[in-house]
Amino acid sequence: MNWAVSHPEKRRALAQLGVSDEITPETRATAHKTMASVAELLEHIRASGPMRKAPMGFVVAIMNSVAEATIDFMTQNSTLARKHCKEGFEAPWRVVA
């Protein structure tokens with residue numbers, strides 16, 4: 001999360017790429033393959049948790065939303081950025097574990 005706070009222009013670029021029609025299905029498939037180990041870890045963690053029956057896309061969307069909210073709060077209040085970062089990192093794991 002510190003990366004996103006330190007590089008807001010790169011965060012915006014990633015957001016734009018996420019909705020771009022210029023990104024091909026092949027490129028998206030390659031990106032998904034790159035993240036396969038993260039998805040595997042998440043699947044393993046949530047297997048016996050409260051979100052075990054929820055679609056993986058829904059769980060990922062929740063985690064992304066928490067990350068975005070955390071980054072926004074870190075950016076808006078640098079005095080509490082470390083606190084927000086810690087809490088924002090722990091929150092999604094409480095949801096899925």
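Since every read-out is calculated from the coordinates, none of them should be taken as a lab result. Remember, it's a predicted structure, so these values are computed and weren't measured experimentally. Every residue, glycine as well, gets a Cβ built from its backbone with ideal geometry; the counts of neighbours run over all protein chains shown.
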In nm, what is the difference between 0.36 nm times the number of residues separating LEU80 and VAL60 and their Cα-Cα distance? 4.6 nm
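Taking every pair of Cα atoms in the stretch 41-85, average 1/r, invert it to obtain the Kirkwood radius, and report Rg/Rh to two decimals.
Working: Rg = 13.5 Å, Rh = 11.8 Å.
With Rg and the Kirkwood Rh in hand, the quotient comes to 1.14.
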Using the charge dipole of the stretch 23-96 (Lys, Arg: +1 at Cβ; Asp, Glu: -1 at Cβ; taken about the Cα centre), state which of PRO50, HIS84, HIS32 has its Cα farthest towards the positive end. PRO50
Please state the relative contact order of the chain as a whole percent: Cα pairs under 8 Å, 6+ residues apart? 37
Which number do you get for Rg(Cα) / (2.2 N^0.38 Å) in the chain? 1.19
3J(HN,Hα) from dihedral phi, the stretch 31-44, Karplus parametrisation 6.51/-1.76/1.60, rounded to Hz, x for glycine, proline: 4, 5, 4, 4, 8, 4, 5, 5, 4, 4, 4, 4, 4, 5
